[in-house]
Structures are given as C-alpha cells and as structure tokens.
1. Can you name the residue in segment 163-187 that is assigned to a loop (DSSP other than H, G, I, E, B) and more than 20 Å from Asp126 (Cβ to Cβ) and is also modelled with the highest pLDDT among such residues?
2. Has segment 31-49 got at least one residue that is surrounded by fewer than 17 Cβ atoms within 10 Å (Cβ to Cβ) and either over 29 Å from Ala176 (Cα atoms) or touching a Ser or Thr at 6+ places or on another chain (Cβ under 8 Å) (or both)?
3. Before we move on, is Ala4 within 24 Å of Val290 (Cα to Cα), small (Gly, Ala, Ser) and in contact with a helix residue (DSSP H, G or I) (Cβ under 8 Å, 6 or more places away or on another chain)?
4. For Ala73, state whether it is surrounded by fewer than 17 Cβ atoms within 10 Å (Cβ to Cβ) and not aromatic (Phe, Trp, Tyr).
5. Being touching a residue at least 40 places away in the same chain (Cβ under 8 Å), crowded, with 22+ Cβ neighbours inside 10 Å and either closer than 20 Å to Pro169 by Cβ or out of contact with any Asp or Glu (no Cβ under 9 Å at 6 or more places or on another chain) (or both) narrows it down to one residue among Val232, Val225, Val205, Val216; which is it?
6. Test of understanding: among Pro200, Pro226, which residue is out of contact with any helix residue (DSSP H, G or I) (no Cβ under 9 Å at 6 or more places or on another chain) and either in a loop (DSSP other than H, G, I, E, B) or of a type outside the set (A, V, I, L, M) (or both)?
7. From the set of residues in segment 274-314 that are part of a helix (DSSP H, G or I) and among the aromatic types (Phe, Trp, Tyr), which is farthest from Leu215 (Cα to Cα)?
8. With respect to Phe110, determine if the residue is touching a helix residue (DSSP H, G or I) at 6+ places or on another chain (Cβ under 6 Å) and either over 23 Å from Leu212 (Cα atoms) or at pLDDT 95 or above (or both).
Amino acid sequence: MAQATGSLVAIAVLGVAGVLLARRGLLPTGAVDGLKLLITRLSLPVLLFGAFVRLEPDGRNAALAAVVFALCAVMGGLGVLLTRVARLPRPETRLLFQGFEAGMLGYALFVALHSSEHLPAFAALDMGQVVYVFTVLMVQMSMLRDGAAGDRGAVGRPSFPWRDLAVNPVLWAIAAGLTIALVAPGAAAELSASDGLVAPFIDMVGGLTTPLVCLVIGASLADGVPRDRAVVVIVALRTAIGLGLGLAVALLLVPALGFSEWYARAAIVLFVLPAPFVIPVYHRRNAAFVGGVLTLSTAVSIAVIAVLAVLGVA
C-alpha cells in the first residue's frame with residue numbers, strides 16, 4: 001500500500017509538472033516529440049528487453065497470450081456492435097476498441113507500482129496483444145484509405161507497413177528477449193542477474209521510461225480533456241468492458257494456469273489501458289476525434305489504475 005501510494009504521488013507530481021511546463025512553453029511540441037523518440041528508441045526497448053529475457057516461454061505463457069489475443073478480437077467485435085447501437089463514428093470506434101497501449105503507458109505504470117522485479121508478469125500478458133496489434137489491427141488500418149466514408153469505410157489496396165515494423169526497436173527488443181529466453185536460458189539468466197554488467201544498464205536506462213512517460217502524458221493534457229459526447233461514451237464503454245475482461249482473466253484464467261498474483265495484477269492493469277497510440281499514425285481520418293479519445297482514455301486509465309492500486313487490486 002505504501003509503495004503504491006508513493007509511486008502514485010510521484011506519477012502525479014511528474015504529470016502536473018508536464019502540464020505546467022507545457023502551458024508555460026517550456027515543454028513545447030518539439031520537446032515532447034523528442035521525449036517520445038527517446039522513449040520509443042531507447043528507454044522502452046531496453047526496459048522491454050529486460051522484461052522479456054526473464055520470461056519463461058512455456059506452454060502456460062503461450063496459452064495466456066492466446067487468450068489475450070482472442071479477447072482483443074472480442075473487444076473489436078463489441079466495438080462494431082456498439083458503433084451501430086450507440087451510433088458512434090465508423091470505423092474509428094472499431095479500431096479504438098482493439099488493443100492496449102502497454103508500451104508507452106502500461107510498462108511505466110506497472111514498474112512504478114510494483115518495480116521491475118515483477119515486470120515479466122506484465123510482459124507475459126502483453127505478448128498476446130502485441131501480436132494482435134501488429135497483425136490484425138495493422139491489417140485493418142492498412143486497408144482503410146484516408147478519408148474513407150461509409151459503414152465499413154472504403155477499402156483500398158493494402159499497403160502493410162513492413163518497413164516500419166522491420167525497423168521498430170520495440171519489436172526487436174521483444175523478439176531478442178524472447179529468443180534468448182527460449183534458446184539460451186543460461187544466457188538469459190546471466191543477462192538478468194543483478195550482480196552482472198547488463199542488469200544495472202537495463203535498470204538505469206529502462207528506468208527512464210516511467211518519468212519520461214509521465215512528463216509526456218502531462219504535456220498532452222495541458223489543453224484539458226475533450227468533452228465530446230461520442231468521446232466520453234467510447235472511453236466509458238471501453239474502460240468498463242476492459243475492466244470486466246481484465247477481472248475475468250485475473251480471477252479465472254490466471255489461477256487456472258497456476259500463475260502468481262502478479263499476473264492477476266498485470267491483467268487488470270493491461271485491460272484498463274487506452275487503445276494503442278499507434279492508431280493515429282496509420283489511420284489519419286478523423287484525427288481530432290481519435291486524439292480526443294486517446295487523451296481522455298489515458299487520463300481515465302491512470303485514475304482507474306490508481307484507485308485499483310490503492311485498493312490492492314492492481
């Protein structure tokens with residue numbers, strides 16, 4: 001309880017600092033973009049490598065990843081249904097109901113709350129949704145032309161961003177960590193040993209992720225959160241559905257597979273996170289709406305996870 005509270009206070013302080021710096025012009029858009037680049041190109045890949053190299057790629061973890069992958073698809077299907085029932089923007093609602101922003105937000109929050117020692121638990125949950133986002137979701141976005149209209153959107157020739165994925169440091173870090181853990185468990189143990197040369201590097205460089213992410217999120221909230229009805233409805237529905245699914249995984253699947261409580265906490269944190277921040281990069285239609293959903297969803301996710309952490313659930 002004390003550790004979670006202290007971590008949440010630190011997150012709040014850094015977030016407020018980001019807001020104030022941005023409003024005073026000391027953290028302009030260019031500086032925020034630079035911080036994002038530092039996170040995605042250096043600190044986050046190092047953090048992810050350290051998490052996945054300690055992961056045991058056994059049958060249980062594969063089953064867990066498969067279930068998370070399937071639940072991402074379920075959320076996408078619910079997004080389609082709710083689009084029609086609540087008359088929400090198409091196809092943006094469907095896209096925004098799929099996947100979770102584990103990279104730029106989830107790992108930072110989980111490390112802040114529980115330290116990097118338990119990060120492999122979150123990595124195990126994240127593995128399924130990473131595969132989903134960079135396959136199923138990316139294919140959907142690649143087939144939607146910019147400016148497409150109608151129920152399904154106009155479908156153009158797929159232009160899957162193979163080059164972007166091939167040079168993505170985050171994916172390389174995950175793949176490298178998993179490969180070493182699978183084919184060379186002895187080397188993996190040596191790399192993650194606290195008294196070795198690599199672990200201190202991972203802790204220091206990867207540890208930059210949380211404070212930098214907090215500053216970036218604070219800067220993104222400098223203009224306040226959107227109050228558009230459709231934005232609020234999507235965020236409320238996605239958060240409620242995600243929390244329900246996360247609790248189901250934590251209370252039913254995690255014990256059935258024999259995982260520890262850290263996997264249960266990781267499941268709840270993962271499913272409360274906002275949609276992937278990569279969506280507006282590859283789907284540029286209705287950008288203001290998509291950005292509004294991601295902004296409000298980020299603020300709501302942090303608040304919900306904070307409450308659950310204090311309650312000892314997340």
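The values are calculated or read from the model by the stated rules, or taken from the named source; none is laboratory data. All values derive from a computational prediction rather than experimental measurement. Cβ coordinates were reconstructed from backbone atoms using ideal geometry, including for glycine residues, and neighbour counts include every protein chain displayed.
1. First, pick out the residues of segment 163-187 that are assigned to a loop (DSSP other than H, G, I, E, B): 167-168, 184.
Next, only the ones that are more than 20 Å from Asp126 (Cβ to Cβ) stay: 167, 184.
Numbers: Val167: 86, Ala184: 90.
Checking each candidate, the answer is Ala184.
2. Checking segment 31-49: at least one residue is surrounded by fewer than 17 Cβ atoms within 10 Å (Cβ to Cβ) and either over 29 Å from Ala176 (Cα atoms) or touching a Ser or Thr at 6+ places or on another chain (Cβ under 8 Å) (or both).
3. In short, no.
4. Values: surrounded by fewer than 17 Cβ atoms within 10 Å (Cβ to Cβ): yes; not aromatic (Phe, Trp, Tyr): yes.
Yes: the conditions hold for Ala73.
5. Details: Val232 fails: crowded, with 22+ Cβ neighbours inside 10 Å; Val225 fails: crowded, with 22+ Cβ neighbours inside 10 Å; Val205 fails: crowded, with 22+ Cβ neighbours inside 10 Å.
When all the criteria are applied, what remains is Val216.
6. Values: Pro226 fails: out of contact with any helix residue (DSSP H, G or I) (no Cβ under 9 Å at 6 or more places or on another chain).
The conditions single out Pro200.
7. Residues of segment 274-314 that are part of a helix (DSSP H, G or I), as a first pass: 279-282, 287-310.
Still in the running and among the aromatic types (Phe, Trp, Tyr): 282, 289.
Working: Tyr282: 24, Phe289: 23 Å.
My answer is Tyr282.
8. Numbers: touching a helix residue (DSSP H, G or I) at 6+ places or on another chain (Cβ under 6 Å): yes; either over 23 Å from Leu212 (Cα atoms) or at pLDDT 95 or above (or both): no.
No.
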